[in-house]
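The values are calculated or read from the model by the stated rules, or taken from the named source; none is laboratory data. All values derive from a computational prediction rather than experimental measurement. Note that we place each Cβ from the backbone using ideal geometry, even for glycine, and neighbour counts take in every protein chain shown.
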Amino acid sequence: ETGVTQTPRHLVMGMTNKKSLKCEQHLGHNAMYWYKQSAKKPLELMFVYNFKEQTENNSVPSRFSPECPNSSHLFLHLHTLQPEDSALYLCASSQDLVSWDRLYNSPLHFGNGTRLTVT
Amino acid sequence: GNSVTQMEGPVTLSEEAFLTINCTYTATGYPSLFWYVQYPGEGLQLLLKATKADDKGSNKGFEATYRKETTSFHLEKGSVQVSDSAVYFCALPGGKGGKLIFGQGTELSVKP
């Protein structure tokens, strides 16, 4: 049990579909993140939320739409994706955006990811 | 900005062999340094960390020493096991708060 739960674990979708990825954390953290992990490429930070407010969008295409209704839940809404969007999407959380920089505890707690395949 | 470079994999070792995975960094100041591990089918989890120069982080038999002279944070283990097969990521803070910069990952495969 990682404290960060992602659903579904696997998702196959066509390019015209609309689907959503869900992330839930039970750690009392205030910051949540979406990362994209593709084969042979470094982890890519997509979005950062702190206290439900988006603080970072790393030039992510609009076909990816994040939503953070509260500090415990984070969604990634997907529509009209491309085959190159196939990847492992990882959610993470941290206490907040300030304290982790002092680094007395693990700065990021990750979920097990959603393996997305776009056909 | 801050950046990190780690050796490319895959690294294949026999059980009980000695492991070194190199990691070097460029950074403003002296940020904390981390090693994360990703086991097959799972997300990343923190393996160890060091918060200042000359600190040694250790966990599960793995060690890494924060060396500011060589800007390195190499991961070592004296005797690897099959269960250590995973992808290892070196990381450090970068930019504004909330951003952790990861290396490209080094895949380790340990054979019995």
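Take the conditions (1) at pLDDT 95 or above; (2) over 14 Å from residue A:110 (Cβ atoms); (3) more than 10 Å from the chain's Cα centre (by Cα); (4) buried (at least 16 other Cβ atoms within 10 Å of the Cβ); residue A:13 misses just one of them, which is (1). Selection within the stretch A:48-59: residues that are within 13 Å of chain B (Cβ to nearest Cβ) and without any contact (Cβ under 8 Å) to a residue 24 or more places away in the chain. The member of this set that is surrounded by the most Cβ atoms within 10 Å (Cβ to Cβ) is A:56. For residues that are within 14 Å of chain B (Cβ to nearest Cβ) and at negative phi, scanning just the stretch A:109-119, find the one that is modelled with the lowest pLDDT. Looking at residues that are within 14 Å of chain B (Cβ to nearest Cβ) and at negative phi, I get A:109.
Per this entry, residue A:63 is counted among residues that are charged (D, E, K, R), touching a helix residue (DSSP H, G or I) at 6+ places or on another chain (Cβ under 9 Å) and farther than 22 Å from residue B:92 by Cβ.
Residue by residue, here is whether (1) without any contact (Cβ under 8 Å) to a residue 40 or more places away in the chain; (2) of a type in the set (A, V, I, L, M); (3) closer than 27 Å to residue A:36 by Cα; (4) out of contact with any Pro (no Cβ under 7 Å at 6 or more places or on another chain) holds:
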| residue | (1), (2), (3), (4) |
| --- | --- |
| B:44 | no, yes, yes, yes |
| B:48 | yes, yes, yes, yes |
| B:55 | yes, no, no, yes |
| B:58 | yes, no, no, yes |
| B:61 | yes, no, no, yes |
| B:67 | yes, no, no, yes |
| B:70 | no, no, no, yes |
| B:76 | no, no, no, yes |
| B:80 | no, yes, no, yes |
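Among the conditions (1) part of a loop (DSSP other than H, G, I, E, B); (2) more than 9 Å from chain B (Cβ to nearest Cβ); (3) not charged (D, E, K, R), the only one that residue A:23 does not satisfy is (1).
Yes or no, residue by residue, for (1) within 11 Å of another protein chain (Cβ to nearest Cβ); (2) within 20 Å of residue B:37 (Cα to Cα); (3) in a strand (DSSP E or B):
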position	(1), (2), (3)
A:5	yes, yes, yes
A:28	no, no, no
A:41	yes, yes, no
A:61	no, no, no
A:69	no, no, yes
A:76	no, no, yes
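Residue count for the stretch B:52-75 satisfying the condition of being touching a Ser or Thr at 6+ places or on another chain (Cβ under 9 Å), surrounded by 15 or more Cβ atoms within 10 Å (Cβ to Cβ), part of a strand (DSSP E or B) and not polar (S, T, N, Q): 3. Considering only residues that are crowded, with 16+ Cβ neighbours inside 10 Å, modelled with pLDDT of 90 or more and either facing chain B (nearest Cβ under 9 Å) or part of a loop (DSSP other than H, G, I, E, B) (or both), which ones fall in the stretch A:78-108? A:81, A:86, A:88, A:90, A:91, A:92, listed by residue number. Taking the criterion of being under 30 Å from residue A:53 (Cα atoms) and either of a type in the set (S, T, N, Q) or in a strand (DSSP E or B) (or both), the residues of the stretch B:76-112 that qualify are B:89, B:90, B:91, B:92, B:93, B:100, B:101, B:102, B:104. Restricted to the stretch B:9-51, the set of strands (runs of 3 or more DSSP E) holding at least 1 residues that are within 14 Å of chain A (Cβ to nearest Cβ) and surrounded by 15 or more Cβ atoms within 10 Å (Cβ to Cβ) comprises B:23-26, B:33-38, B:44-50.
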